[in-house]
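Trainee: Structure incoming, see below.
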Amino acid sequence: MIKVDLRQQVSLRARLRFTAVAGLSGLLVILLTATFVLEATTSPVEAAGRIPVIVIPGVAGSTFTTGPAYTFSEPDNGHGGSYQHSYGSNENVWVNGWEAALPGSDDYFDTLRIQPNGDTPAVPYSLLHVSGLYDSAYGDIIDYLHRQGYVDNVSLFTFAFDWRRDIPAATYANLDALVNQARSAAGSSQVDLVGHSMGGLVARNYISSGSAASTKVRRLISLGTPYLGSPKFLKALLYGDQFGPSFLGLGLDPGEVQDLVQNMAGGWQLLPSRAYFNFYDNANGNLLSPYREDRDVDHNGQVSGVLSYDGLGGFLRNLGKNQNAATLAQNFHDRLDPAWIAGHPRLSFINGSGMSTLGQIRDYTGSCWSWFHFVACPKTDLLTVDGDGTVPFYSATLSDPSRSLNLSGGASVHIVNREHGALVQYDKFLGIYTGDGPSLTLLGQILNNQVDPIGPGSFFALTSQVAPARPVKIGLTGYEISVTNGTEIEAYDSQGHHTGRIAGQPHKYEQNIAGSNLEIGGESQLLYLREGGNYKLRLTAGNAGSFDLKIRMLEGDTISQTVLYLNVVAGPGEVGDFSFSGLRNGGRPTALHLANTRQPVEPTAILDARASLDREAPLIKVNTPRLKPGRAQLDWEVKDGLAGVHLEQAIVDAGTATEQPVQNGQQLRLTPGTHLLQVMAEDRAGNSSVKEVSFEVPK
């Protein structure tokens, strides 16, 4: 129910948006959509004197517009040759939905690049400048504040900023100027800061930059802020990202996004910080560390397993990632993360929980079908933790009372079952307003002192030693469904709602199943579905010859069972269907049906909770070959102490014209000379190892 002061004027307002979508036959059409909301207006005279609010958006939430026309050129960047484009005067570059929707690479957005120093735009502000907030992402929160009686440029202000750059260098001076402007316009000595996502980091940097700044702010309210960072940006740095439906809904080419973020210090400041690793120390499946290297990805001759903060820094350095941006990010977090400065404003955090959120990227060695045998091949696994779909829970709350970890500065923490982008948006059905939603409602209550009050006797020492009330963590209960080797996954629920790629649009995805989340990293995809639904999955095979399908059952964030279909051989683009209504209470997974294969594919393994955590490849020991003139008897031992061995394969002289398979203990006739035995083993959890031994057959 919307309550409106009778002194205010009430009107029904429709906010119009143009949206590019794929129509019939794959043609691009433009839809005019409207979000209808009941709006209460307040006169500037009534608004003056109240505490003004400044809204600070998240990464990519500020738009960029050209000044005079200019031409941007760059050499070949791996996306099909050199690129040159002429940008018109006053052209909306970010966010340009039309350009994002066009097929092919998104080199159009290369004009947003940052130079290798990590902080200087490739195109100067005189040609391309920050121009405002992205309305499709932040229009609802602005409408909501209007309905609360806030008036633009009197008691309501927005802080658009350059989210590509180093936060302190790019935001402090401009935000301080806006704070002073707001105080003057409203006749108030203080302001309230409302920061979504990266915007909360911008606000925190401001109030941590000296007592003069902090005394100008009455309270800071953050919504889904990655105070300690997020593995989501690590994925963008390593593999790119679509900026898909859980963020801005643009569907950008992931390779293009990967290129753009390499030098962006502002993006690097969203990486997991040193303090993040104290909360997510890989102690169990709820606390996954951001990266696990189970194959030598950075080519340093080592397989390091779970990486520490310093280990991840060295890993990125070995990959040639931008060290200028890395240094700016480390300096930023080392200054801010340890504690809030005593005497800060009142702090309120509104955070999402119960949403599948990327927690760990794992690169490992698996097996792939190639011609007539399996070969070891690189694979990537994506694993989830609780959060809002973008930001892990403890990075946003800064507090884990169960382990006496607290960096929150005594903030009041409010938990909602809300996805990251929806934290600043209304509830809607078919574009029609159906309610304010829990996070915006909480925002209004906090601003109106209905919760987290500010008044006589309500102030207290806000230091890192003050423990906040224990936040109610919702957690995850459902299914993680992952596929490898370029295979795409889609899901339909019993009402026909769809999560997956939109037909005919290579980089556009939708998430219309309630509570679902789709993550794409390199050649792997991870789909999360809540427990309790009847789902049909559709898999479209990639080009690697085979793929793995893994279904992990989560109960309270913990993997209780894993069902694996390993080394499923399929032709490029072959479609497979799979249905299930739940694996609990003895429910058995159905077979996987491939379009071109008559025989259904049964599960390779069903692992219990302990075996589901197996990340160690089998151990292979090759015994000394027993050699005779023109003959060799070969044998070996394979051990796996947890999940157990699923596949053993041995080949002599693999990759040559005379290669031949060999069974354990078999005696072969071989020409005299040097030969190579290659033994590959894969366990029931999908981990593979290879051992090679050369031997000399006598004449």
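The values are calculated or read from the model by the stated rules, or taken from the named source; none is laboratory data. Given the structure is predicted, the values throughout are model-derived calculations rather than measurements. FYI the Cβ positions are ideal-geometry reconstructions off the backbone, even for glycines, and counts take in every protein chain you see. For accessibility, only protein heavy atoms count, side chains too; no ligands or nucleic acids. Shrake-Rupley method; radii C 1.70, N 1.55, O 1.52, S 1.80 Å.
Trainee: Run the paramagnetic zone check for Arg626: 7 angstrom along Cα to Cβ, then residues of segment 664-699 with backbone nitrogen under 15 Å.
Mentor: Hits in segment 664-699 for Arg626 at 15 Å: 664-669.
Trainee: Out of every Cα-Cα pair in segment 169-233, what percent are more than 19 Å apart? Intermediate values should be presented prior to the final figure.
Mentor: Working: 637 of 2080 pairs.
That tail contains 31 percent of the Cα-Cα pairs.
Trainee: A follow-up question, please. Summing -39500 (n - 2.57) over the DSSP H runs of n ≥ 4 in the chain and dividing by its residue number, what mean residue ellipticity at 222 nm do you reach, to the nearest 500 deg cm²/dmol?
Mentor: It lands at -4500 deg cm²/dmol.
Trainee: Here's another thing I want to ask about it. Would you mind classifying segment 488-560 by shape? Square roots of the alpha carbon gyration tensor eigenvalues, ordered a ≥ b ≥ c; an a/c under 1.5 is rounded, otherwise it is prolate if a/b is larger than b/c and oblate if not.
Mentor: Oblate.
Trainee: Rounded to the nearest whole Å³, what is the per residue volume of the convex hull around the Cα atoms of segment 332-438? Don't jump to the answer; show the numbers that get you there.
Mentor: Details: hull volume 20.8 nm³, N = 107.
Expressed per residue, the convex hull around the Cα atoms of segment 332-438 is 195 Å³.
Trainee: Follow-up. Can you work out the base-10 log of I(q)/I(0) for segment 243-394 at q = 0.13, 0.18, 0.19 1/Å, using the Debye formula on its C-alpha atoms alone?
Mentor: Scattering profile of segment 243-394, log10 relative to I(0): -0.75, -1.38, -1.49.
Trainee: Residues of the chain: accessible area per residue at 1.4 Å, in Å²?
Mentor: Here the per-residue accessible area is 40 Å².
Trainee: Put a dot 7 Å past each Cα toward the Cβ at Arg669 and Asn117; how far apart are the dots in nm?
Mentor: Calculated label separation equals 7.3 nm.
Trainee: So how much slack lies between Thr215 and His373, counting 0.36 nm per residue of separation and subtracting their Cα-Cα distance, in nm? If you can, show how the numbers build up before the last one.
Mentor: Numbers: separation 158, 0.36 × 158 = 56.88 nm, distance 6.90 nm.
My answer for the length gained is 50.0 nm.
Trainee: Under the Kirkwood approximation applied to all pairs of distinct alpha-carbon atoms, what is the hydrodynamic radius of segment 97-169 in Å?
Mentor: Details: mean 1/r = 0.0663 Å⁻¹.
The Cα-based Kirkwood calculation yields 15.1 Å.
Trainee: If the cut-off is a Cα-Cα distance under 17 Å, which lysines reach Lys536, setting aside same-chain residues fewer than 8 apart in sequence?
Mentor: Lys550
Trainee: Another one. Short version: what are the Cα gyration tensor semi-axes of the chain, square root of 5 times each eigenvalue, largest first, in whole Å?
Mentor: Values: eigenvalues 493, 138, 132 Å².
In descending order, the three semi-axes are 50, 26, 26 Å.
Trainee: A further question on this structure: With a Förster radius of 30 Å, plug the Cβ-Cβ distance of Asn318 and Ser402 into 1/(1 + (r/R0)^6) and report the FRET value to the nearest 0.05.
Mentor: Numbers: r = 35 Å, r/R0 = 1.18.
Given R0 = 30 Å and the Cβ-Cβ separation, E is 0.25.
Trainee: Determine ³J(HN,Hα), in whole Hz, for all residues of segment 410-425 in sequence, where each value follows from phi through the Karplus function 6.51 cos²θ - 1.76 cosθ + 1.60 and θ = phi - 60°; x replaces Gly and Pro.
Mentor: x, 5, 7, 10, 10, 10, 10, 8, 9, 6, 3, x, 6, 4, 10, 10
Trainee: Could you check how many percent of all C-alpha pairs in segment 135-194 are farther apart than 18 Å?
Mentor: Working: 746 of 1770 pairs.
Roughly 42 percent, once rounded to a whole number.
Trainee: Continuing with this model, one more query. Where Lys and Arg each count +1 and Asp and Glu each count -1, what net charge lies around Ser62 among other residues with Cβ under 12 Å from its Cβ?
Mentor: Working: positive: Arg164, Arg165; negative: Asp135, Asp162.
Here the count lands on 0.
Trainee: Could you give the radius of gyration (one decimal) and Dmax (whole number) of the Cα atoms in segment 47-191, in Å?
Mentor: Expressed in Å, the Cα Rg and Dmax of segment 47-191 come to 17.9, 58.
Trainee: Rank Val123, His146, Leu102 by how far each Cα sits towards the positive end of the charge dipole of segment 98-146 (+1 on Lys, Arg Cβ; -1 on Asp, Glu Cβ) and give me just the farthest.
Mentor: Toward the positive end, the furthest listed residue is Val123.
Trainee: Short version: what are the Cα gyration tensor semi-axes of segment 117-254, square root of 5 times each eigenvalue, largest first, in whole Å?
Mentor: Values: eigenvalues 146, 68, 49 Å².
Taking √(5λ) for each eigenvalue gives 27, 18, 16 Å, largest first.
Trainee: Normalise the Cα radius of gyration of segment 594-671 by 2.2 N^0.38 Å (N = residues in it) and let me know the number.
Mentor: Values: Rg = 17.4 Å, N = 78, 2.2 N^0.38 = 11.5 Å.
Normalised Cα radius of gyration, segment 594-671: 1.51.
Trainee: Compute the signed sum of charges (Lys and Arg +1, Asp and Glu -1) over the other residues within less than 12 Å, Cβ to Cβ, of Ala411.
Mentor: Working: positive: Arg204, Arg219, Arg346; negative: Asp452.
Here the count lands on +2.
Trainee: Still on this model: Just add up the charged neighbours of Leu539: K/R +1, D/E -1, any other residue whose Cβ is under 10 Å from the Cβ of Leu539.
Mentor: Working: positive: Arg538; negative: Glu488, Glu490, Glu574, Asp577.
Surrounding charge for Leu539 is -3.
Trainee: Shifting gears a bit: Provide the gained length on full extension for the span Ala591 to Ser494, in nm with one decimal, where the gain is 0.36 nm per separating residue minus the Cα-Cα distance. Display every interim value, and only then the final one.
Mentor: On the way: separation 97, 0.36 × 97 = 34.92 nm, distance 1.91 nm.
That pair, Ala591 and Ser494, stretches by 33.0 nm at full extension.
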